[in-house]
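Asks: My structure is below; once you've seen it, I'll send some questions.
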Amino acid sequence: MQRYFLPPEQFQPSMNTVTIEGDDAHHLQRVMRADLGDKVICSNGVDREVLVRIMELDKTRVTAEIVEELPMNAESAVQVWIAQSLPKGDKMELIIQKGTEIGAARFLPFLSERTIVQYDAKKEAKRSERWQKIAKEAAEQAHRNRVPLIESVYSWKQLLARAKEADVAWICYEKEDGQQLKPVIQEALAAGKLGQGKQVLIAVGPEGGFTEQEIKQAEEAGFRSVSLGARILRTETAAMVGLTCLFYETGEMGG
């Protein structure tokens, strides 16, 4: 069933209705070919999700009555933050889309020594808006209860400071003698660091990877370096693999 994330003000508690506007209304009418009486799911992305029945249709707005309150149980117990050094081209869009589908709670883009992208602060607002839209659409497709937050681009120093807010911080590093991710996850589970509401940060480097100096700085800041296996993964693949491994080992994906 089609799902839409709506701002809280589009819920009308006194009238027991919701109003679907803008791009969502266009998508519902022009793409999904919705008609009167059809049902969809609407969520405020925070604490309320409802099944609604369409009552009125016009060019820019859809009004629907609330039929049923739904449980919000599609989010993972552990909140995973994906810190991604800005990759080339549209790879960040892929990372956000697929990471959202898998279950990431937020994304922290950052700049590191080998980042190839020429960061332009003037273009950040427009790019961030597009990234957030991609996250919203992916969350709707995956039937998430919440849309991941795409944070502003961090410097390397700012990322190291932000990582202190997480309960666990891992940095993916391809060194041959690196600690494999699975035993690190199991160790964190045994220590109670991956329970309900815990926050895990997974940092992934750019196309050229992290420098040894950056790994040293990260470890001094509280990160633990982990290996994702013997094969070298592309930057857009690494975050998805780390996220999937974590959710499998914590039982979110049948582990």
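The values are calculated or read from the model by the stated rules, or taken from the named source; none is laboratory data. On a predicted model such as this, the values are computed, not experimentally measured, just so you know. Ideal geometry is used to build each Cβ from the backbone, glycine not excepted, and the neighbour counts take in all protein chains shown.
Asks: What pairs can you find where one residue is in region 189-217 and among the β-branched types (V, I, T), the other is assigned to a strand (DSSP E or B), and their Cβ atoms are less than 6 Å apart, with a gap of 6+ or different chains?
Replies: Taking only residues 6 or more apart or on different chains, the pairs are V200/V80; V200/V168; I202/I82; I202/W170; V204/Q84; V204/C172; I215/S225.
A quick yes/no check of all residues on (1) modelled with pLDDT under 90; (2) loosely packed, with under 14 Cβ neighbours inside 10 Å:
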position	(1), (2)
M1	yes, yes
P7	no, yes
P13	yes, yes
T19	no, no
R33	no, yes
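Asks: A further question on this structure: Report the residue count in region 109-134 for those that are within 13 Å of Q97 (Cα to Cα) and surrounded by 17 or more Cβ atoms within 10 Å (Cβ to Cβ).
Replies: Summing the residues that are within 13 Å of Q97 (Cα to Cα) and surrounded by 17 or more Cβ atoms within 10 Å (Cβ to Cβ) in region 109-134 gives 2.
Asks: Taking the stated definitions as given, is E165 surrounded by 14 or more Cβ atoms within 10 Å (Cβ to Cβ) and under 19 Å from P109 (Cα atoms)?
Replies: Spelling it out, it is not the case that E165 is surrounded by 14 or more Cβ atoms within 10 Å (Cβ to Cβ) and under 19 Å from P109 (Cα atoms).
Asks: If you don't mind, there's one more thing I want to ask. Looking at region 200-222, which of its residues are in contact with a helix residue (DSSP H, G or I) (Cβ under 7 Å, 6 or more places away or on another chain), surrounded by fewer than 17 Cβ atoms within 10 Å (Cβ to Cβ) and not in a helix (DSSP H, G or I)?
Replies: E207, A221, G222
Asks: Tell me, please, whether a residue that is modelled with pLDDT of 90 or more and not in a loop (DSSP other than H, G, I, E, B) can be found in region 110-117.
Replies: Within region 110-117 (the criterion being modelled with pLDDT of 90 or more and not in a loop (DSSP other than H, G, I, E, B)), the answer is yes, since at least one residue qualifies.
Asks: Tally the residues that are part of a loop (DSSP other than H, G, I, E, B) and either among the aliphatic types (A, V, I, L, M) or buried (at least 19 other Cβ atoms within 10 Å of the Cβ) (or both), restricting the search to region 135-145.
Replies: Counting residues in region 135-145 that are part of a loop (DSSP other than H, G, I, E, B) and either among the aliphatic types (A, V, I, L, M) or buried (at least 19 other Cβ atoms within 10 Å of the Cβ) (or both) gives 3.
Asks: Where residues in region 223-255 are in a helix (DSSP H, G or I) and hydroxyl-bearing (S, T, Y), which of them is surrounded by the fewest Cβ atoms within 10 Å (Cβ to Cβ)?
Replies: Here the residue is Y248.
Asks: Now for a separate question. Being touching a residue at least 24 places away in the same chain (Cβ under 8 Å) and in contact with a helix residue (DSSP H, G or I) (Cβ under 8 Å, 6 or more places away or on another chain) is the requirement here; does T60 meet it?
Replies: Spelling it out, T60 is indeed touching a residue at least 24 places away in the same chain (Cβ under 8 Å) and in contact with a helix residue (DSSP H, G or I) (Cβ under 8 Å, 6 or more places away or on another chain).
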